[in-house]
Structure formats: structure tokens, C-alpha cells
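The values are calculated or read from the model by the stated rules, or taken from the named source; none is laboratory data. A quick note: this is a predicted structure, and the numbers were derived from the prediction, not measured. Methodologically, a virtual Cβ is constructed for each residue, glycine included, from the backbone with ideal geometry; neighbour enumeration extends over all protein chains shown.
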Amino acid sequence: MLSNITIGQYFPGNSILHRMDPRVKVLLLLLFLLEVFLFSNAVAYGIFSAITLVMMLLSGVPLCMLLRSLKPLWWIILFTFVIHLFSNPGTPIATVWLFTLTWEGIQMGCFISLRLILLILMSSLLTFTTSPLKLTDAMESLLSPFRRFGLPAHELAMMMTIALRFIPTLIEETDKIMKAQQSRGADFTTGNVMKRLRNMVPILVPLFLSAFRRADELAMAMEARCYRGGIGRTQMKSLKTGGIDYLAIGGFVILTAALLGIKLST
Amino acid sequence: MSIELKQVSYTYMPKTPYEHKALDAVSFTLEEGSFTAIAGHTGSGKSTLVQHLNGLLHPENGQVLVDGTDLAASSKQGRKEAMAARNKVGMVFQYPEQQLFEETIAADIAFGPKNQGIEGKELEERIKESMELMGLAYDEFKDRSPFQLSGGQKRRVAIAGVLALHPKYLVLDEPTAGLDPLGREALIQTICKLHKKWKLTIVFVSHNMEDIARLADSVIIMNHGKMAIKAAPQEAFMQTELLQAAGLQEPAMLHLLHRLREAGIPVNDNAIELETGIKAIREALSDAE
């Protein structure tokens with residue numbers, strides 16, 4: 001029943017985007033999103049859209065899967081579009097009751113919607129091409145300069161790693177317990193909200209028990225292998241910045257320069 | 001009356017990169033009153049298979065007929081029939097003690113029958129009966145917390161919880177995993193008693209060839225989602241190559257007899273159980289004298 005859930009949305013592959021250093025990916029993504037906000041002229045948006053499209057093709061992730069990541073936010077995009085249609089002063093095209101549709105409104109609506117779509121697509125490209133573990137590694141590495149100010153970067157990353165590691169295990173366990181209780185005639189699909197909540201007890205009690213047991217065992221196993229926090233700890237697969245990454249950074253610098261040039265010349 | 005599987009196939013996470021075909025056109029019939037073992041290496045589809053027997057999983061293709069009712073459809077009607085089938089087919093999962101949740105043992109065992117709508121005197125009767133069946137004294141255990149018990153006792157409580165449903169068929173997924181030798185033997189004896197005295201049709205998943213040899217009257221061997229063998233243990237264990245292809249080994253006694261034969265000692269090498277094997281060796285010895 002629950003076996004169809006995938007964690008995050010990592011799509012295994014070996015494309016250029018998959019092989020990039022996750023730290024570079026995260027940083028470039030943040031800068032790219034910033035630029036999408038900073039440069040809001042038509043030419044810039046053309047370039048942004050083109051880049052996003054090329055990245056999508058490069059990633060090797062099926063287009064329909066990428067577009068599906070837009071689905072949860074579809075209503076927000078539509079809502080923003082409609083609001084912008086009617087709330088911008090300018091050349092009126094049509095009037096519906098109190099609202100005036102303006103030419104500028106259409107422009108603005110398209111602009112903002114495109115901006116949202118680009119934001120979502122680019123961010124989901126990151127999670128599609130980077131495994132959760134690599135993402136936490138990147139987070140640890142990027143946050144480590146702040147250790148000086150008391151930020152427990154390693155501990156945070158370790159907590160996230162463990163949490164991610166155990167989500168599938170817990171889902172599997174929930175599935176098993178649910179099936180066991182269903183075999184004893186439990187019904188989770190009918191009844192009102194209160195009844196359904198009460199029906200969760202036979203699942204939650206065993207699940208919590210086993211989660212605590214697992215946490216205990218894991219802590220013991222980690223201590224048995226002399227785990228004592230992040231200081232001096234090395235990684236088996238340490239993150240490496242390679243040719244593709246420098247190429248990507250170079251490309252990004254050129255892009256920024258070009259966008260600045262366009263902005264200053266107009 | 002029987003459980004019948006016709007060309008059952010099942011795929012986990014279809015149309016994703018994680019797609020995995022767990023069952024591939026499996027067909028067989030479990031007659032009422034039979035004692036069937038299912039064996040196969042890890043990931044061969046055993047657990048997926050048993051979950052079809054009471055409609056927890058719906059086949060992608062094919063049919064599952066429990067006493068003639070089709071559980072295959074995942075529609076509303078199919079789900080209703082699957083619910084009804086669960087009263088007939090009791091399912092004991094691996095490590096069933098992990099599903100206990102109530103404050104007292106009696107309350108936990110009552111969970112199943114209560115879902116069937118049984119109350120009052122009859123409910124108490126059922127709890128009492130299934131506890132005694134599993135060798136748990138009613139008055140001593142009924143008000144204790146299941147979490148204070150030993151592993152073996154917890155498992156007995158969990159199985160009692162399934163027996164309280166009064167199933168016709170009992171499916172057990174590796175019922176003896178993780179028990180100590182004494183607990184194992186006691187549980188196996190109890191299962192035998194359920195089969196002989198209570199006429200329950202038993203299906204059990206096991207890795208232990210000795211247990212299969214002495215308990216089951218037929219064995220299903222799974223390999224990569226396909227049924228490799230369905231035969232009486234005696235015949236099944238003679239097909240050494242098929243067994244090895246499925247990642248399994250013949251019972252130790254049979255292995256010994258084969259080796260003796262290879263070494264030129266004329267023993268009768270079709271005994272799969274300990275006692276008959278010893279008898280065969282004794283006979284060979286007395287013949288030699």
C-alpha cells in the first residue's frame with residue numbers, strides 16, 4: 001500500500017548533472033534563483049528559460065516526471081497569474097464588473113508565472129539529480145565554515161542522514177504492521193475521521209516501539225564503532241570538484257556578465 | 001474447498017526505475033486440509049506470494065480464488081471480498097510479536113474477533129480457547145502486559161490473536177525465525193497440533209529443509225518470482241539441480257546419504273528425515289556384515 005512512495009525524488013542516472021559536485025550545484029542554484037529575481041527583463045527571461053530547458057534535457061530525467069513536480073504548485077501559479085492580470089494599471093483591454101484587464105497585467109502575469117515555474121523546475125532538477133545523501137554531504141561541507149560560530153554542521157548533517165536513511169525502513173515497517181492488523185480484520189479505509197484516528201492506534205503503538213528500539217540499537221552500534229562526532233572524521237566518498245564543475249562555474253560567470261551587460265545597456 | 005492461484009503476477013513500483021517483478025505467472029492449488037511449505041532464497045517472492053493468499057496484495061494479472069471467490073479485483077467489490085477472505089485465511093507475519101499493541105494480552109487477542117463483530121461471552125470464549133491452543137494459561141496471562149513476556153511467549157500471543165479469528169487456513173511466514181531451539185520445537189509441535197486436531201490448512205514459509213521434510217505434505221519452491229517445483233518433499237528434494245538453482249540445499253540427512261553413495265556405500269538414498277535416514281544407514285551396515 002505504501003510501497004509506491006519514493007523518498008525525495010531522486011532519479012538515478014549518470015548525466016552531466018548527476019556527476020556534478022553537489023556543493024557546486026547547490027551554490028549555483030542559489031545564485032541562479034537570485035538572478036531570476038534580480039534581472040527581470042524580457043531578454044534575461046528568454047535566456048533563463050533556454051538554460052532551464054537545456055538543463056532539463058541534459059539531466060536525462062523524463063520530461064513528464066519533471067513537469068509533474070509543477071503539479072502541487074499549479075494552483076498557486078494560476079492564482080498569481082489571475083491576480084496580476086487584473087491588478088496592474090495600464091492600457092485597459094476589457095472590464096469585468098469591478099476588475100479591469102490590462103495589457104500590462106497580462107505581461108506581468110506571464111512574467112511572474114514564468115518566474116515561479118523556473119524556480120520550481122530548477123530546484124527540482126537539483127533534487128532529481130542529487131541523491132539525498134549527497135545533498136546532506138554538500139550541506140555539511142557548505143555549513144562547515146560556520147562551525148567557528150558554534151553551528152554543529154556535522155551533527156546536523158548526520159541527523160539528516162539518519163532520518164533519511166530510516167524513512168524507507170519506517171515506511172516498510174508501517175506497511176508490514178498495517179498488513180498484519182488488516183489481516184486481523186482492521187479497516188483503515190472506511191468510517192469518519194474520529195474512527196479512522198482511533199484505528200491508527202494499532203499501527204502507531206508498534207511503530208513507536210520499534211522506532212525507539214531501532215534508535216537505541218543504532219546509537220549502540222555507532223558507539224561500538226567509536227563514533228564520537230565530526231572532528232577529524234573523513235568520508236569514504238569525499239566530494240570532489242572536477243572539470244564539469246569548473247565549466248559550469250565558468251559558464252555561470254559568463255551568463256552573469258552578459259546579463260549585467262544587457263541590464264546596464266538598456 | 002481450496003485456495004487457488006491462477007497465473008498470478010505482481011510487480012512492485014511499476015513504471016519507475018525501481019520496478020521489480022516479484023511474481024511471474026504463479027499457479028497452484030492449496031487443498032483444504034493440506035500442509036504446504038513454501039521455500040526459496042531471500043527475494044524469491046515468498047512473502048509477496050503469501051500476501052496474495054488473503055487479499056493484502058492484489059495481483060496485477062491472474063486470479064486468486066479463496067473457496068471459489070475471486071480476490072483479484074482491486075475495486076470496491078474486490079476489497080470487500082478480500083476483507084471477508086481475511087476471516088477465512090489467518091495470516092501470521094514474520095516476527096508477529098511486533099504487531100502487539102494493547103495493554104493486556106486478552107485485549108490484544110480480542111482485536112481480531114472484535115473487528116469481526118464478536119462480543120461478550122463468545123469473545124471471551126474465543127480468547128480463552130486460542131490462548132489455551134497456544135499453550136498460554138488463560139487465568140495466568142490474560143491481564144498481563146504483552147510487553148513483559150519473553151520473545152517466544154510474545155509470538156504465541158500474536159499467533160493466538162490470529163487464531164481467535166477462527167480461520168480455516170493459517171498462513172505463517174517463517175514462524176520460528178529468531179526463536180531458541182526449545183521454543184522452535186514447541187512452536188512446531190503446536191502448529192502440528194493445529195493441523196491434526198483442529199483440521200487447519202497450514203501454509204508456512206521456511207528456510208529449514210529438515211522442518212519441511214518432516215512436516216509438510218507438499219512443498220512449493222520459488223525462484224526469481226517463478227514457481228520452480230511443487231511436489232511432495234520426497235520428490236522435490238530429489239531434484240538437486242533445481243534446488244541448487246533456487247539457492248537451496250537438500251536436507252542434511254539426504255546430503256549425507258548422497259555422499260555415502262558417492263563413496264561407494266550402497267545405502268538407500270531417498271530418506272529425507274532423520275529417523276528414516278538412520279534406518280537406511282543401519283540397513284546398509286547390517287547388509288555389509
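Scanning for something under 15 Å from the mean Cα position of the chain (by Cα), modelled with pLDDT of 90 or more and in a helix (DSSP H, G or I), does the stretch B:215-224 turn up at least one residue? There is at least one residue in the stretch B:215-224 that is under 15 Å from the mean Cα position of the chain (by Cα), modelled with pLDDT of 90 or more and in a helix (DSSP H, G or I).
When the stretch B:264-288 is limited to residues that are aliphatic (A, V, I, L, M) and farther than 14 Å from B:Pro233 by Cβ, the one that is surrounded by the fewest Cβ atoms within 10 Å (Cβ to Cβ) turns out to be B:Ala288. Filtering the stretch B:168-189 to residues that are of a type in the set (Ser, Thr, Tyr) and closer than 17 Å to B:Tyr95 by Cα leaves only B:Thr176. Is it fair to say B:Ala107 is in contact with a Ser or Thr (Cβ under 8 Å, 6 or more places away or on another chain) and within 12 Å of chain A (Cβ to nearest Cβ)? No. Determine which single condition A:Ser210 fails, assuming it passes every other condition in (1) closer than 30 Å to A:Ser59 by Cα; (2) in contact with a helix residue (DSSP H, G or I) (Cβ under 8 Å, 6 or more places away or on another chain). Unmet for A:Ser210, out of (1) closer than 30 Å to A:Ser59 by Cα; (2) in contact with a helix residue (DSSP H, G or I) (Cβ under 8 Å, 6 or more places away or on another chain): (1). When the residues of the stretch B:4-36 are filtered to those that are crowded, with 20+ Cβ neighbours inside 10 Å and in contact with a Phe, Trp or Tyr (Cβ under 6 Å, 6 or more places away or on another chain), which remaining residue is farthest from the other protein chains (Cβ to nearest Cβ)? Within the stretch B:4-36, the match that is farthest from the other protein chains (Cβ to nearest Cβ) is B:Leu5. Considering the stretch B:49-85 alone, what residues qualify as being within 12 Å of chain A (Cβ to nearest Cβ) and over 22 Å from B:Ala22 (Cα atoms)? Passing the criteria: B:Lys76, B:Lys80, B:Met83, B:Ala84, B:Ala85.
Report those helices (runs of 4 or more DSSP H) wholly inside the stretch A:148-265 carrying at least 1 residues which are within 14 Å of chain B (Cβ to nearest Cβ), of a type outside the set (A, V, I, L, M) and more than 26 Å from the chain's Cα centre (by Cα). So that I can check it myself, show each step before the final result.
Working: elements: A:153-183, A:193-199, A:201-224, A:243-265.
Output list reads A:153-183, A:193-199, A:201-224.
Pick from the stretch B:123-150 the residues that are within 19 Å of the chain's Cα centre (by Cα) and more than 13 Å from every other protein chain (Cβ to nearest Cβ): which of them is surrounded by the fewest Cβ atoms within 10 Å (Cβ to Cβ)?
Here the residue is B:Leu133.
The set of residues in the stretch B:164-209 being within 19 Å of A:Ile177 (Cβ to Cβ) and more than 14 Å from the chain's Cα centre (by Cα) consists of B:Ala164, B:Leu165, B:Gly178.
Does B:Glu81 qualify as being of a type in the set (Asp, Glu) and touching a Pro at 6+ places or on another chain (Cβ under 9 Å)? No.
Would you mind finding the one in B:Gly183, B:Gly135 that is on the phi > 0 side of the Ramachandran plot and out of contact with any Lys or Arg (no Cβ under 6 Å at 6 or more places or on another chain)?
On the way: B:Gly183 fails: on the phi > 0 side of the Ramachandran plot.
From the options B:Gly183, B:Gly135, the qualifying one is B:Gly135.
The condition of being buried (at least 20 other Cβ atoms within 10 Å of the Cβ) and in a helix (DSSP H, G or I) holds for only one of B:Leu182, B:Leu170, B:Leu187, B:Leu165, that being B:Leu187. For the stretch B:61-78, the criterion of a residue being in contact with a Pro (Cβ under 7 Å, 6 or more places away or on another chain) and surrounded by 16 or more Cβ atoms within 10 Å (Cβ to Cβ) is satisfied by at least one position.
Beta carbons closer than 8 Å, at least 6 apart along the sequence or on distinct chains, pair a first residue in the stretch B:111-122 that is facing chain A (nearest Cβ under 9 Å) with a second that is buried (at least 16 other Cβ atoms within 10 Å of the Cβ) and acidic (Asp, Glu) for B:Phe111/B:Glu102.
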